[in-house]
Each structure stands twice: as structure tokens, then as C-alpha cells.
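The values are calculated or read from the model by the stated rules, or taken from the named source; none is laboratory data. Everything quoted here is computed from the prediction, not taken from an experiment. Neighbour counts are summed over all protein chains in view; Cβ atoms, including those assigned to glycine, are modelled from backbone coordinates with ideal geometry.
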């Protein structure tokens, strides 16, 4: 297994380490609920160095990224970030990703489990003057999330963090280290930052220690993968492999808002447009369970005696005190208010389709 530059610090802070996407990563420290609430109520720190990063250079970088991704990058200028996806020719999703406009190049941030597959796809689609650089192993990344994240980080930089709008970033210094300071996150918190630096061990540990010292007054906590999942689900943020995959197009994943069919040609456009014209056969929707049992990924969903789909994601919501999730179901059953049943270990439990995000 690979190890991030923060591995020894995870052990020091009592992290329970597991294998995830080829890395040894902390699933939790003191417990998922406590870590979840720390982010919602104050500030927490995630090691997300396992994520992938690919730079796109060259005169044709703009045209390449525009063809590669489903969103429209004409709206981007230096310092802006965009949520997007990549699709195969048949419309199935290669991955979801972030696109950073870095001035004379683009930075694509991809999912940890998909790095090799994604980079191979990117290489296969290169044309013209385009140079790809897979820098995934050279980057340390920390996500600092929650209401007190700005107050914590502002102590460590001369960059005015309050002026970085949501889904924007700046090149600056954090704890004296050159960094990308990004106002983004995977928790639903509007006060949220992701910091990218060189993966040098001393720099990485210096950054971690500086952040925890700065956040001491806010009872800052390290956060594991378990709470990362419950936090993202409360805001219905998608997880590749659960809510979408190579057999799902972005419209079926309810990601029409990042799929600009009128921008011109892009990978998968014709197939996605055809599925829209013919009428989507299935769609992703949120649900709340009317039971103490938790619905989990892959469990069958029914309406009466008819199987209509499956659970994409499911977990308890620490903030709502209810069990929530997403289902991929036949389109007619994705309407808000529809009652469904989920087969949880042989027992049919009742649930209802609801509006997402679950937290507003």
C-alpha cells in the first residue's frame, strides 16, 4: 500500500488505518459521529492526498479539456474551479472531477481509485499540442472544513481568505509553504478549503502541525474516511462507484447541471443527448428511511412487488438523526414524495423519495 506524507501523523493521532484506493488511510480517529459533528460545528482536517492530479499544458489545452469534459470551461478564468465529469463515447462516466484554471495550464483533480484508468483515458484522447503531467504522487492535499476553517487558516497566510469566493482559488503561501489555496470541499460546508502543496515529508508535516496549532482554540479534529462519507451524503454529493459509474451517464446521475449539451462536441455527447431525447430510463434520487435499519449500496429497491432499482449510497445522518441515501430507480419512481421499499437483509423497509440536499 502507498502511504501519504501524513501517515505517521495519522498514527500519532490514533487513526484506525485501512486500505483505500491503494493507500493506507484513516477511516476514523475518535469516531465517525464525533468527527462528523466537529466539521459541522467547528473545524476538521482531512488527508486527501490520495486524490489524483493531472496538469494539462500546451496550446490546445483549452480545446482538449473542453472536448474531454461535460461542463463548459469557457466560463472559467484564472483562479476559478469547476465541477465536471468525463464520459466514454457511450455516455458512461469515466469519473467526476474538478477543473482548475491555472492561467497557462489546467489542473484536473480526479478520484483516488480511478487515477490509472483516468490518466489512460486522458492519454488516449490527446490531440494537437497537449502535454499531460500526472503529478498525483507529488502532491499532498489537506481539506480543512467547517465554520471555523477560515479563522484557523487565516493565521497561517497573508492571503485574504475571505475574498476567495466559493469554487475559486489562489496561489499563495500557507504556513510559509507554496500552496494552492482552494475554497472548495466535499462536505457541504460553505466555509471550506483545500490546500495543495508539494508532497515533501517535512513540508507536509509542517503544514499539518501548523494547522492543528492554529485550530487548537476551535478544538480542531482530524477526520477520517468514515465521516467524509456521511458528510458528503448529507449534501447528496456524488461518490463515483456508488452513485455513478461507467454504466451511468451524467443525466441518470442527476448531474444535468454539469452536462452542457449545447456547448458543442464532447466525449459522450451524442449518446447522452440520445438518452435525453428518448427519455431517461432511470434516475438518481434521495430517500429517507422510515426505520432504524440503514440501507446500503447495492440493496434492491421495490415498489409493491416490482423491483425498480437499487440503493446507490446509504448511511445514518448524524445531523438529522435519520437514515438517508440515494437510489438509482426507474424515472417514474424518482419523483419527490414517492414511497418505496428497500430490501435490507431480507426485510422490506419503507422509505420515501425526498428533495436533496438533505441538509439546507
TODO: Output the residue which, of all residues in the range 9-32 that are assigned to a helix (DSSP H, G or I) and touching a helix residue (DSSP H, G or I) at 6+ places or on another chain (Cβ under 8 Å), is farthest from residue 185 (Cα to Cα).
DONE: 9
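Of 185, 176, 226, which residue is in the same structural domain as residue 143 (by TED's automatic domain parsing), closer than 28 Å to residue 78 by Cα and surrounded by fewer than 21 Cβ atoms within 10 Å (Cβ to Cβ)?
Numbers: 185 fails: surrounded by fewer than 21 Cβ atoms within 10 Å (Cβ to Cβ); 226 fails: closer than 28 Å to residue 78 by Cα.
Residue meeting the stated conditions: 176.
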- [ ] Quickly run through the range 188-208 and pick out the residues that are part of a helix (DSSP H, G or I) and either touching a residue at least 60 places away in the same chain (Cβ under 8 Å) or outside the structural domain of residue 15 (by TED's automatic domain parsing) (or both).
- [x] 201, 203, 204, 205, 207, 208
TODO: Working carefully through the options 265, 291, 270, 245, find the one that is surrounded by fewer than 19 Cβ atoms within 10 Å (Cβ to Cβ) and closer than 15 Å to residue 352 by Cα.
DONE: 291
Task: Those residues of the range 252-289 which are in a loop (DSSP other than H, G, I, E, B), in contact with a strand residue (DSSP E or B) (Cβ under 8 Å, 6 or more places away or on another chain) and more than 30 Å from residue 347 (Cα to Cα), in sequence order - done: 255, 259, 266, 267, 268
Open item on the list: Within the range 290-347, take every residue that is in a strand (DSSP E or B) and touching a helix residue (DSSP H, G or I) at 6+ places or on another chain (Cβ under 6 Å) and give me the one that is nearest to residue 39 (Cα to Cα).
Closed with: 317
